Amino acid sequence: MRKNRVLLVLVVASVALVLSAGAAAAQDVSVSADAQATEGDSVLIDTVEIDEDGWVAVYEESVLEEPDFDSLVGVEAVDEGTHTNIDVETEIEEHGFYYAVLHYDESAATEFDYPDDPVVTDDDGNDVQDFFFVSVETEELAAGAEQFEDVDIRSFLLNYAETNQQKREIEHRLSNLRDSVDELEDREDEDVEDELQNLRDEIDAEEEFLEELEVTLADREELLRQIEEMGAEEVDDDDDADDDADEETDDDEEDDDTEPEGLPGFTAVAALVALLTGGALLRRNE
């Protein structure tokens, strides 16, 4: 009888050790990507944590600010564990928000196969994903930027992407702050007045900064449009030169006489690009 008790204790202890070891070995699941500027052929995913072999897929954003699972732009296999700086080959042609989403590799196919390769969820049942803004250095933008001195189009596009990212994060933060205010107001408790006032002050500050960002973004978008217009003309001229040298000469003379209406001089645009690239209005989230 004594031996049976000792054996039972040993078995229970062994099971406890196995369970605790399994819990300690269990990994979190997460994915993180930052705003970035690319040529559209790849994006960088900063970190991935996954508890089984799987995939990190990149999707366009839907109108509901969610991943559009019908618009896959790139995917990369990831082994179980933690990974950093994952380069995902993509086909991206437009600036915008994209989503990095984790999937488990559970389909019989050797390649990514959604929905048979399901989305990874966390302990709360939420899809493991992250949104990030991508600005694309097109041929037209590169050609247009070459017409200015001291203009780094990649730095400008990165700053543009980071500003869009920050704007989205502020909008989300404002939504959470307003929800908190609504919850406190529903309590009808005088003891929360100080907390309510602090939240309202924070909302006012965030709204003011959001307005500044929107003005900055509008300026950047206008400059991008102008640079792209000039780059498109340059690309068209180069294409024409390949076909007919005489036609190229005619196009150059026409370009000299017909500058796009409302377009600032090269020096003025370059100065504005340099100023906006500096990101004077940007601040790091605390």
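Any chance the range 119-126 includes a residue that's modelled with pLDDT of 95 or more, of a type in the set (A, V, I, L, M, F, W, C) and outside any helix (DSSP H, G or I)? There is at least one residue in the range 119-126 that is modelled with pLDDT of 95 or more, of a type in the set (A, V, I, L, M, F, W, C) and outside any helix (DSSP H, G or I). Could you say whether any residue in the range 187-197 is under 25 Å from the mean Cα position of the chain (by Cα) and either touching a residue at least 12 places away in the same chain (Cβ under 8 Å) or crowded, with 17+ Cβ neighbours inside 10 Å (or both)? No, the range 187-197 has no match at all.
Every residue, every condition in (1) within 16 Å of the chain's Cα centre (by Cα); (2) within 14 Å of residue 128 (Cβ to Cβ), yes or no:
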site: 38; (1), (2): yes, no
site: 53; (1), (2): no, no
site: 58; (1), (2): yes, yes
site: 65; (1), (2): yes, no
site: 75; (1), (2): yes, no
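Please verify whether residue 47 is of a type in the set (Ser, Thr, Tyr), under 18 Å from the mean Cα position of the chain (by Cα), surrounded by 14 or more Cβ atoms within 10 Å (Cβ to Cβ) and outside the structural domain of residue 153 (by TED's automatic domain parsing), treating the condition exactly as stated. So residue 47 fits the description; yes. Scanning the range 127-155 for residues that are on the phi < 0 side of the Ramachandran plot and either basic (Lys, Arg) or in a loop (DSSP other than H, G, I, E, B) (or both) yields 128, 137, 138, 146, 147, 148, 149, 151, 152, 154. Consider residue 158 carefully, then state whether it is among the aliphatic types (A, V, I, L, M), in the same structural domain as residue 46 (by TED's automatic domain parsing), out of contact with any His (no Cβ under 9 Å at 6 or more places or on another chain) and not in a loop (DSSP other than H, G, I, E, B). In short, no. Within the range 59-76, the set of residues being of a type in the set (A, V, I, L, M, F, W, C) and either outside the structural domain of residue 129 (by TED's automatic domain parsing) or surrounded by fewer than 14 Cβ atoms within 10 Å (Cβ to Cβ) (or both) comprises 63, 64.
Yes/no matrix, rows are residues, columns are (1) part of a loop (DSSP other than H, G, I, E, B); (2) at pLDDT below 95:
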{"position": "4", "(1), (2)": "no, yes"}
{"position": "16", "(1), (2)": "no, yes"}
{"position": "21", "(1), (2)": "no, yes"}
{"position": "27", "(1), (2)": "yes, yes"}
{"position": "55", "(1), (2)": "no, no"}
{"position": "82", "(1), (2)": "no, no"}
{"position": "87", "(1), (2)": "no, no"}
{"position": "99", "(1), (2)": "no, no"}
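Here the range 165-179 is the region considered, the condition is being surrounded by 15 or more Cβ atoms within 10 Å (Cβ to Cβ) and polar (S, T, N, Q), and the residue that is nearest to residue 96 (Cα to Cα) is 165.
The values are calculated or read from the model by the stated rules, or taken from the named source; none is laboratory data. This one's a predicted model, so the numbers in the text were calculated from it and none came from an experiment. Heads up, the Cβs are rebuilt from the backbone with ideal geometry, glycines too, and the neighbour counts pull from every protein chain shown.
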